[in-house]
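In what follows, a single structure is set out as structure tokens and then discussed.
Laboratory data are not the source of any read-out in this text; all were calculated from the coordinates shown. Since we're looking at a predicted model, the values are computed, not measured. Every residue, glycine among them, receives a Cβ derived from its backbone with ideal geometry; neighbour counts consider all protein chains shown.
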Amino acid sequence: MMPYFRSSNAAPQLPEGYQLQWEPLPTAADEVNRLLQNCGAPNRSDSRVALALERSAWSLRLHKANQLVGFLRVTSDEALNANLWDLVVLPDQPEKQKLLEVLVYAALNRMRKQWPGCSISLAAGEELIPVLETYGFISDPNGIRAMGLDLKQEGEREKTSMEGLEPPTFRTGI
């Protein structure tokens, strides 16, 4: 999927009681790891999550009553490509769809300003496709498909997917 930014999308309203936080530096890998696992991600060590956060440009976090309920992290080469990772909201949140929209909108808005002209890609499950299409993402733009390669050596423990950090997912891009 690839987004073509639409100016007609109004900023989604953050539901009452939630706080959106931008984090330039990695913190609380254990809290992020618990959230990811509660959202269906494979088990990862806190040290692997800490490494992913450390190598990310920044992240967005959604809190309600001091509990982490949503998350998204961003990586970029700061010239040509940027990637959204780990777009999740706890399944029991009553306004999950709206919270996902807030995360996507906030990330795209910041990325447009920080890295204008960058191509943006996203690994996402099928349940996220309607939210992503709202913001102009399209699948396989111009026939371009993303592919993954497992760099596991013979006898090595199997990794779950790209970078050894992400679950196998539907691939989207901009």
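With an a/c value of 1.5 or above and a/b not larger than b/c for the gyration tensor axes a ≥ b ≥ c computed over the alpha-carbon atoms, region 1-125 is described as oblate. For ILE120, the residues whose amide H sits under 5 Å from its own are ALA82, ILE174, ignoring neighbours fewer than 5 places away on the same chain, with H placed 1.01 Å from N.
Measure out, as a whole number of angstrom, how far apart the alpha-carbon centroids of region 54-106 and region 130-144 sit. The distance from the Cα centre of region 54-106 to that of region 130-144 comes to 18 Å. Compared with the alpha-carbon gap, the fully stretched path from ARG55 to ARG112 is longer by 18.5 nm at 0.36 nm per residue. The loop-placed GluC sites (Glu not before Pro) in region 1-89, going by DSSP, that have at most 12 neighbouring Cβ atoms within 10 Å of their Cβ come out as GLU16, GLU78.
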